[in-house]
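Student: I have a structure here, written as structure tokens, and I will follow up with some questions on it.
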Amino acid sequence: MRTEGTPGAGLGVPSAIPRRGIEAWRARLVWSGVDWIDDGVVACRHGRVAWIGRTSAWRRTGADAVDLGEVALLRGFVDAHAHLDLSHARIEERAVFERWVADVVALRRTAQGDASSAIAAGEDLLLAGGCTSVADIDGGARLRDGRGARLRTLAFVEVLDAHDARRREDASRRLARAGEREGRLVRAVSPHAPHTASAGLLRRAARACVPLQIHCAESEAEVEWMIDGTGPFAAWLGASPRRAPLEHLLRAGALRPGTTLVHANHLDPERDGPLLARRGVALVHCPGTHRWFARAAFPFAAWRRRGVRVVLGTDSLASNDALDCRHEAALAMDTLRASPVEALRMLGDEAEDALGRPFGRTGLGLGARADFAAHRTTAAADAALEEVLRSRQSAALVWIAGAQVLLCGTDRDASAPA
Ligand SMILES: [Zn+2]
């Protein structure tokens, strides 16, 4: 093989790539990480990106590439917060958050047996939108079997004790599962929220040395109960710690890199931003859920000014109209004034960093685990990213670890390279 240029830089002729075991795909547009490569090729080997660059450079080696035609290859999205077991949930309540919570709890009680089909349906929807990694809250009485996971799944095992010592034994059993790996699934821990997780439980979760995801300051009722012990939650929780949600998490050692706080509607960027930035804690904003409950505008620019990372999640169909990362990207562009590139970062590298990179680096970077999707688009390069992010059409093809994933729901084989 002739050598010329820098392998993987996207411009030179690939050098020193053994042909055995390599597969390459050509597309009209290929996202390099910062911009589109017009007429590009992605080559993968052993589940990782071995080369990315122009088709002309690739062809000079005499190597083949499967021509995908008029599509754009984009990294697989990372959904930083989901409840896949609620993918069958359809809840009408939007006006009163506490009533919505009660509806979800009631639905969970009656639909436990249905969880695996709901999870499969949720996976189908996410994959069809070009998503390849998901941070999923596993709140089921029995933890889900990771061997069936079709996407890379950071499964946050949900634990809570409602500040009631009698409920800690079950939480301890669940905490013991942290760090397990099954197929494409890795288990981490989600202490549900400050008002449902005592300081002792939080401390034990923090010591598990796995990523933590915590719903935090989602509602005024949560903040009221945490500080004053009053309000709608007082009837079913134990003794209030009488401190603000973030103070509760800080004292228990739960604010550290790899911790993501979901929603954070009632945190304040000016008051809380410096602490979160210093502690390397990221926020997960779910634009669809935010719109569902008609929340006040999320202060995205202020969080960013304070150095706090914000990433995006779909949450679930119990509080969203779609289960599609592109839907969240479009809302982020419309409601947060994020640029298409910013929205992509919040659903890509930034999300991986926020979640503690449980699968290393995925996407289309050289050496990354080759998770990507082909999206149909006829737009020119300067408009293609926004068009893809606003599209509701199913992705044409999706790859995880360089292996194509079927989008029809029939692929249950997670034995491909991780
Ligand atoms: Zn949630």
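Student: Return the residue satisfying two criteria in turn: it lies in the range 295-317 and is open to solvent by less than 10 Å² (accessible area, probe 1.4 Å) and out of contact with any Ser or Thr (no Cβ under 9 Å at 6 or more places or on another chain), and of such residues it is nearest to the ligand (Cβ to nearest atom).
Tutor: Of everything passing the filter in the range 295-317, 312 is nearest to the ligand (Cβ to nearest atom).
Student: State all residues of the range 39-70 that are in contact with a helix residue (DSSP H, G or I) (Cβ under 8 Å, 6 or more places away or on another chain), under 17 Å from residue 365 (Cα atoms) and small (Gly, Ala, Ser); if no residue qualifies, say none.
Tutor: 40, 43
Student: Restricting to the range 36-77, what's the tally of residues that are aliphatic (A, V, I, L, M) and either at positive phi or within 16 Å of the ligand (Cβ to nearest atom) (or both)? Walk me through how you get there before you give the answer.
Tutor: Residues of the range 36-77 aliphatic (A, V, I, L, M): 37, 41-43, 49-50, 52, 57, 63, 65-66, 68, 71-74.
Keeping just the survivors that are either at positive phi or within 16 Å of the ligand (Cβ to nearest atom) (or both) gives none.
The qualifying residues number 0.
Student: Sticking with this one: Take residue 135 and tell me if it is touching a residue at least 12 places away in the same chain (Cβ under 8 Å), closer than 16 Å to residue 315 by Cα, touching an Asp or Glu at 6+ places or on another chain (Cβ under 7 Å) and hydrophobic (A, V, I, L, M, F, W, C). First the steps, then the outcome.
Tutor: Working: touching a residue at least 12 places away in the same chain (Cβ under 8 Å): yes; closer than 16 Å to residue 315 by Cα: yes; touching an Asp or Glu at 6+ places or on another chain (Cβ under 7 Å): yes; hydrophobic (A, V, I, L, M, F, W, C): yes.
Considered against the rule, which asks whether it is touching a residue at least 12 places away in the same chain (Cβ under 8 Å), closer than 16 Å to residue 315 by Cα, touching an Asp or Glu at 6+ places or on another chain (Cβ under 7 Å) and hydrophobic (A, V, I, L, M, F, W, C), residue 135 comes out as yes.
Student: Checking residue 80 against (1) within 16 Å of the ligand (Cβ to nearest atom); (2) surrounded by fewer than 19 Cβ atoms within 10 Å (Cβ to Cβ), only one condition comes out false. Which one?
Tutor: Tallying (1) within 16 Å of the ligand (Cβ to nearest atom); (2) surrounded by fewer than 19 Cβ atoms within 10 Å (Cβ to Cβ), residue 80 fails exactly one: (2).
Student: Which of the helices (runs of 4 or more DSSP H) found entirely inside the range 153-240 contain at least 3 residues meeting this: within 28 Å of residue 120 (Cβ to Cβ)?
Tutor: The helices (runs of 4 or more DSSP H) meeting that bar are 168-175.
Student: Scan 207, 184 and give me the residue that is at pLDDT 95 or above and farther than 28 Å from residue 96 by Cβ.
Tutor: From the options 207, 184, the qualifying one is 184.
Student: Pull out all pairs, ordered by first then second residue, where Cβ-Cβ is under 7 Å, the residues are six or more apart or on different chains, the first lies in the range 325-337 and is closer than 18 Å to residue 303 by Cβ, and the second is among the basic types (Lys, Arg).
Tutor: Short answer, once both residue conditions are applied: 331/291.
Student: Sticking with this structure for a sec: Considering only residues of the range 259-278 that are part of a loop (DSSP other than H, G, I, E, B) and open to solvent by 10 Å² or more (accessible area, probe 1.4 Å), which is nearest to the ligand (Cβ to nearest atom)? Write out each step before concluding.
Tutor: Within the range 259-278, the first condition is being part of a loop (DSSP other than H, G, I, E, B), and the residues that meet it are 264-268.
Cutting the leftovers down to open to solvent by 10 Å² or more (accessible area, probe 1.4 Å) gives us 265-268.
Working: 265: 12, 266: 15, 267: 16, 268: 21 Å.
The qualifying residue nearest to the ligand (Cβ to nearest atom) is 265.
Student: Out of the range 279-294, which residues are assigned to a loop (DSSP other than H, G, I, E, B), within 16 Å of the ligand (Cβ to nearest atom) and at pLDDT below 95? Explain how you work it out, then say what you get.
Tutor: Going through the range 279-294, the residues assigned to a loop (DSSP other than H, G, I, E, B) turn out to be 280-281, 286, 293-294.
Remaining after also requiring within 16 Å of the ligand (Cβ to nearest atom): 286, 293.
Correct list: 293 only.
Student: Condition test on residue 342, is it open to solvent by 10 Å² or more (accessible area, probe 1.4 Å) and either more than 16 Å from the ligand (Cβ to nearest atom) or of a type outside the set (Lys, Arg) (or both)? Quick ask: steps written out before the conclusion?
Tutor: Details: open to solvent by 10 Å² or more (accessible area, probe 1.4 Å): yes; either more than 16 Å from the ligand (Cβ to nearest atom) or of a type outside the set (Lys, Arg) (or both): yes.
Against the criterion (open to solvent by 10 Å² or more (accessible area, probe 1.4 Å) and either more than 16 Å from the ligand (Cβ to nearest atom) or of a type outside the set (Lys, Arg) (or both)), residue 342 qualifies.
Student: Working only within the range 367-391, note down all residues that are within 10 Å of residue 29 (Cα to Cα), in a helix (DSSP H, G or I) and open to solvent by 30 Å² or more (accessible area, probe 1.4 Å).
Tutor: Selection gives 381 alone.
The values are calculated or read from the model by the stated rules, or taken from the named source; none is laboratory data. Everything quoted here is computed from the prediction, not taken from an experiment. All Cβ positions, even for glycine, are placed from backbone atoms using ideal geometry, and neighbour counts span all protein chains on display. Side chains are part of the model used for accessible areas, which takes the heavy atoms of the whole protein and leaves out ligands, DNA and RNA. Shrake-Rupley method; radii C 1.70, N 1.55, O 1.52, S 1.80 Å.
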